[in-house]
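Just below is one structure, and these are the notes that go with it.
The values are calculated or read from the model by the stated rules, or taken from the named source; none is laboratory data. A quick note: this is a predicted structure, and the numbers were derived from the prediction, not measured. Here the Cβ positions follow ideal geometry from the backbone for every residue, glycine too, while neighbour counts run over all protein chains shown.
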């Protein structure tokens, strides 16, 4: 007594199993789930990114514009306009100077540009620091409940993006 055999031979049973596995592998949900599982396992075992030594060294150097500390502090607090005797910079000018080259010719071709670079660089540094602090505060609140593996995946993605940006800035003609 018992149930009737589904496959009469061992070879038929193996073939049916192969067909079934092939069909399961073709399902997009199965393939995607397997890839996601492999990806999560990879990032779980991969150590967090390490900041290059020269970047750490550069970051530990003292600020060079102590003469313009008040400008740095104003922009660190969110100010968005710099008025000097020779030039007036608005937010879009500051944002364009923070980005990648080429920079606006109307700013860099000024005769007095070398003389006013100190205050401008202090303003740029203050603005970038203000934006960075805002980004970090946002990330802290959004990532406080993020699983460790997801956080590592995000860190590696950001690390790759920063390395790419760094290469563009160091070697602008190679990209």
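Structural remarks
- Residue in segment 105-121 that is in contact (Cβ under 8 Å) with a residue 24 or more places away in the chain, within 25 Å of residue 169 (Cα to Cα) and touching a helix residue (DSSP H, G or I) at 6+ places or on another chain (Cβ under 6 Å) present: yes
- Scanning segment 2-37 for residues that are surrounded by 10 or more Cβ atoms within 10 Å (Cβ to Cβ), out of contact with any helix residue (DSSP H, G or I) (no Cβ under 8 Å at 6 or more places or on another chain) and under 26 Å from residue 149 (Cα atoms) yields 27, 32, 33, 34, 35, 36, 37.
- Any chance residue 106 is part of a helix (DSSP H, G or I) and exposed (fewer than 14 other Cβ atoms within 10 Å of the Cβ): yes
Every residue, every condition in (1) surrounded by fewer than 17 Cβ atoms within 10 Å (Cβ to Cβ); (2) farther than 25 Å from residue 158 by Cβ; (3) not assigned by TED's automatic domain parsing to the domain that holds residue 73, yes or no:
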{"position": "89", "(1), (2), (3)": "no, yes, no"}
{"position": "94", "(1), (2), (3)": "no, no, no"}
{"position": "112", "(1), (2), (3)": "yes, yes, no"}
{"position": "118", "(1), (2), (3)": "yes, yes, no"}
{"position": "122", "(1), (2), (3)": "no, yes, no"}
{"position": "129", "(1), (2), (3)": "yes, no, no"}
{"position": "133", "(1), (2), (3)": "yes, no, no"}
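- Top-ranked residue in segment 68-95 [being in a loop (DSSP other than H, G, I, E, B) and either farther than 15 Å from residue 117 by Cα or free of Cβ contacts under 8 Å to residues at least 12 places away in the same chain (or both); ranked as farthest from the chain's Cα centre (by Cα)]: 85
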